[in-house]
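Laboratory data are not the source of any read-out in this text; all were calculated from the coordinates shown. Only a predicted model underlies this, so the values are computations on that prediction, with no experimental measurement involved. Here the Cβ positions follow ideal geometry from the backbone for every residue, glycine too, while neighbour counts run over all protein chains shown.
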Amino acid sequence: MQVIAQNAYGPAEVLKPRTMDRPSIGDDEVLVEVRAAGVDPGVWIVMTGRPYAARLAFGLRRPRVPVRGMDVAGVVSAVGTRVTRFRPGDEVYGVCESGSFAEYAAAKETRLAVKPANISFVQAAATPVSGVTALKSIRDGRVRAGQRVLITGAGGGIGSFAVQLAKAHGASVTGVCSTSKVELVRSLGADEVIDYTRDEIDRDGGRYDVILDLAGNRPLSLLRRAATPKGTIALVGGGHAKGRIMGGFQRQMAAPVISPFLSQRLCGVTALVRTPELEELTGLIESGRVTPHVGNTYALADAAEAIRDLAASRSAGKIVITV
């Protein structure tokens, strides 16, 4: 099969087309014929090996799994002996173990769900990591009806889901994004939009009950000025932010330590894509309450350019690779 893989950490140039054997599957795994694969900041982190702390999980000298990509959508080609929920021919989406920038990928049964019937494979591939992270952000932020919610990075992959989910919970949403993404964020249902090239998030003082910081590039002091005295600040993004060792992850780790000493509540958000969360998103998508928004799409051979697009934050919504 054709794949996009790397032999060393580095910039997008380390990604090369290669021919590899199809991945073998275990008893509890599914072999998926890939139709589309999502591109998210986690792909950039594994590709570059930065922040360096990430190498403890992915490999000290080079990635243990050479093929990039986690989000996957496609058709079941084969199933392991203990798999009960899927059979060949089923359309599925979720995350994979072997890398999704490939013609075939291996995935745990417990990290897949049946693809929503009313969306394409491309839209489905945009959903797992970003959609589940947004779902977890809404939960950890304790978003509820009547609250004023600020979402940074509202025009990105996670943000496009978070805006819709917050609105589905009955919140009043202010999205923060660049000029080129303002119209998208408005179309997602945001009540107000802050163009960060013109205004900062604390322009109106501390008015937000919940801040979902998906962008991860603003100091905590600024986030606190924009929140109400008893507000919640959910720290989500920042893994690809500046900082050679920890990037922005130290903020998530420090949140539960700092929070007891503040009037405002801080929480660090981490998300694991599993079948129950995917099925919850499926229900929201099939009901029309949430729609995956896809920005730019790229062919498998152009995966390196897709990563450059992600790093430059050019695309509104989620970037997807078609296979």
>> Sort 36-45, 49-58, 115-124 by packing, meaning the average of other beta carbons within 10 Å per residue, with the highest value first.
In response: 36-45, 115-124, 49-58
>> Cut-off 10 angstrom, C-alpha nodes, Gaussian network model of the chain. Which of LEU31, LEU184, LEU220 fluctuates the most?
In response: LEU220
> Which distance in nm do the two modelled labels at THR270 and GLU183 give, with both placed 7 Å along the Cα-to-Cβ direction?
Replying inline: 4.0 nm
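Kindly state, to the nearest 0.05, the FRET efficiency for ARG198 paired with LEU222, given R0 = 22 Å and r defined as their beta-carbon distance.
0.90
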>> Sort ARG274, ARG198 by Cβ crowding within 10 Å, fewest neighbours at the top.
In response: ARG198, ARG274
> Arranged from highest to lowest average of other beta-carbon atoms within 10 Å per residue, in what order do the peptides 223-230, 160-167, 60-67, 172-179 appear?
Replying inline: 160-167, 172-179, 223-230, 60-67
> Going by the alpha-carbon gyration tensor, a ≥ b ≥ c the square roots of its eigenvalues, is region 95-242 rounded (a/c under 1.5) or, if a/c is not under 1.5, prolate (a/b greater than b/c) versus oblate?
Replying inline: prolate
> So how far apart, in nm, are the two label points at GLU279 and ASP27 if each is 7 Å from Cα heading toward Cβ?
Replying inline: 2.3 nm
> For the chain, what relative contact order do you get, as a whole percent, if you take Cα pairs closer than 8 Å and at least 6 residues apart?
Replying inline: 20 percent
> Nearest 20 debye, what's the magnitude of the dipole of the chain about its Cα centre given +1 on Lys and Arg Cβ and -1 on Asp and Glu Cβ?
Replying inline: 960 debye
> Nearest-5 percent of antiparallel DSSP beta bridges in region 130-268?
Replying inline: 0 percent
>> If you fit an axis through the alpha-carbon atoms of helix 275-286 and take the longest principal axis of the Cα set of the chain, what angle between them do you get, 0 to 90°, nearest 10?
In response: 70 degrees
> Fewest first, what order do SER137, SER313 take by the number of other Cβ atoms within 10 Å?
Replying inline: SER313, SER137
